[in-house]
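Bear in mind these aren't lab numbers, they're just calculated from the coordinates by the rules spelled out. These figures come from a predicted structure and were not determined experimentally. Please note: Cβ atoms are built from the backbone with ideal geometry, for glycine as well, and neighbour counts cover all protein chains shown.
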Amino acid sequence: MLLKRFYDDGLAQASYLIGCAKTGEAIVIDANRDIAPYLDAAAAEKLRITHITETHIHADYVSGSRELARASGGRLYLSAEGGKDWQYRFAEDDGAVLVRDGDVITVGNIRLEVMHTPGHTPEHLSFLVTDTAGATEPMGILSGDFVFVGDVGRPDLLEKAAKVANTMEAGAKQLFRSLDRFRALPDYIQVWPGHGAGSACGKALGAVPTSTVGYEKRFNWGVATTVESDFVAMVLAGQPEPPLYFAEMKRINRDGPRVLGGFPKPARGDRATLARAFGQGVVVIDTRAAAAYATAHVPGTLNVPMSKTFSTWAGWLVRYDLDIHLIADDEATVTRAVRELAMIGLDRVTTWYASAIVEEWRAAGGPVGTIAKTTVSALAPQLTQHDVTVIDVRNRSEWEAGHLPGAVHIPIGYLAERLAEIPRDKPIVVQCQSGARSAIATSVLQRLGVTHATDLVGGYAAWQSAGFEVVRDRDAVGV
């Protein structure tokens, strides 16, 4: 048996290829939309991808299962669990095999036993993997978003992201019962999860790629908690805000992701193209570093610097019904940005501009924007005298751990919908934990017409390090 793990840093997402050396067959589990690595790995090992499956209808990225099935000729095996509201609507049209708890998927000498492990989602499956060429018992479990290293899948996404009311507590109880089955497995079984540290599918995921059932029984808080009421309270507490795009991902993956046949290749644009774009409702993402953007940018653009969190912030801030243009330092950045956006279903990237477009814009007489910066030492007396409004754009858990006195809490992804809550009678300072998110947030506010917002250098970390007052009162403004 061959087992290969693939990991996407931006999504903090793991997928797997398992192959049988004897028959040359292989299965891919939880493919993302960039299918080239799976095809390349299979070819390198002289394997044919004959089976494709996934653990559940994903909320954090567009599934690549359909794309991979079309490219490889492999057959889809999809969950039939969860009830009629949680079925893959494209399964019949794509000739998928629907599988349930106790079913077996055979790939050469490899046996995958289907376990229905609901809780994170109603249809969630895990797969017990046995290499029958040398064993009669499973060696590992592909646990998807059911059990992670050090954590368990969150059961609140259906309610918080997909807006399915009154599902959090029921999901938590389902998850607890699923964990009973996990605890009954032999300690030696390896755990191959679907996500690692940085994923919003849990709150305390470990960075170690794999574990064992025995280790998780001892050191994973969720697996170790055996009183249902305690577990339900603990699993629902402190979960991070799900990105706004999660609801869109659920819909796309349920209904059937569009098969791209390759990522889009945007055309090169010029100043005239950019000028027309603003009148056509296009969103222009400037991928340059925050410092470069602050120094000079084309007004109306959105600054999302290219980093491993690029897709996360784009998913929070970019609407799915708009065409997207990019400003980038080079074509390699454009290629990466197009891929990252497509991974979360933002496929409408049509045009890109070299970063020199900013100076071309200025030279032609166009207005050029800047972002003012301030320091904690300059802010402190202003805050004491109530001469400024601080907008804290961090997550709720960060806010509750401590925040600036008098700050208004609006997480970055909710700035547009909560714009009316921002006072306009004083200067505005935007603050996050260390300065990265506040730079993005300030560009969001500028794009929304709040042109007098200033970015706090160093954020809450710098404020706290300087010894200024912090508040830990949950009844403060914005909580």
First measure r as the distance between the Cβ atoms of THR451 and VAL104, then evaluate 1/(1 + (r/R0)^6) with R0 = 51 Å and state the FRET efficiency to the nearest 0.05.
0.25
Sparse-neighbourhood loop sites, trypsin sites (Lys or Arg not before Pro) in segment 36-66 - DSSP loop, at most 10 other Cβ within 10 angstrom
LYS46
Which GluC sites (Glu not before Pro) in segment 326-434 pass both tests, a DSSP loop state and at most 15 other beta-carbon atoms within 10 Å?
GLU417
Environment charge at VAL349 (Cβ cut-off 12 Å; Lys +1, Arg +1, Asp -1, Glu -1):
+1
Name the long-range amide H neighbours of VAL390: under 5 Å, sequence gap of 5 or more, or other chain; modelled H, no Pro or chain starts.
VAL408, VAL429
If you take every DSSP beta bridge fully contained in segment 373-465, what fraction is antiparallel? Give it as a percent rounded to 5.
0 percent
Rel. contact order, % - alpha carbon contacts under 8 angstrom, at least six apart, segment 2-255:
18 percent
Rounded to whole Å, √(5λ) for the Cα gyration tensor eigenvalues of segment 1-78, largest first, gives 19, 13, 11
The aspartates and glutamates whose Cα lies under 12 Å from the Cα of LYS373, excluding any fewer than 8 residues away in the same chain, are ASP455
Among beta bridges that DSSP assigns inside the chain, antiparallel share in %, nearest 5
45 percent
Segment 267-363 - charge dipole about Cα centre, Lys and Arg +1 at Cβ, Asp and Glu -1, debye rounded to 20:
120 debye
Need one word for segment 373-465: rounded, prolate or oblate. Basis is the Cα gyration tensor (sqrt eigenvalues a ≥ b ≥ c); a/c below 1.5 gives rounded, then a/b vs b/c decides.
rounded
Can you tell me the relative contact order of the chain? Whole percent, Cα pairs under 8 Å, sequence separation 6 or more.
11 percent
Name the residue farthest towards the positive end of the dipole of segment 267-363 from the options ALA332, THR309, THR350, assuming +1 on Cβ of Lys and Arg, -1 on Cβ of Asp and Glu, about the Cα centre.
THR309
Using Cα centres only, tell me the gap between segment 73-87 and segment 172-241 in whole Å.
24 Å
Using +1 at the Cβ of each Lys and Arg and -1 at the Cβ of each Asp and Glu in the chain, identify which of GLY19, PHE468, LEU179 lies farthest towards the dipole's positive end.
GLY19
Express the relative contact order of segment 1-58 as a whole percentage, based on alpha carbon pairs under 8 Å and six or more residues apart in sequence.
29 percent
Mean-position separation - Cα centroids, segment 322-346 and segment 418-443, in angstrom
25 Å
Restricting to DSSP loop positions (anything but H, G, I, E, B) with no more than 15 other Cβ atoms inside 10 Å of their own Cβ, which trypsin sites (Lys or Arg not before Pro) remain in segment 162-193?
LYS163
Size of charge dipole - the chain - debye, nearest 20, with Cβ of Lys, Arg +1 and Asp, Glu -1, no other charges
540 debye
To the nearest 0.05, what FRET efficiency results for ARG251 and GLU137 with a Förster distance of 41 Å applied to their C-beta separation?
0.55
Taking a ≥ b ≥ c as the square roots of the eigenvalues of the Cα gyration tensor, with a/c under 1.5 meaning rounded and otherwise prolate when a/b exceeds b/c and oblate if not, the chain is oblate
Using Cβ counts within 10 Å as a stand-in for footprinting exposure, how do ILE324, ILE410 rank, fewest first?
ILE410, ILE324
As I understand it, the dipole of segment 373-465 uses +1 on the Cβ of Lys and Arg and -1 on the Cβ of Asp and Glu, about the Cα centre. Which of VAL393, GLN446, GLY413 lies farthest toward its positive end?
GLN446
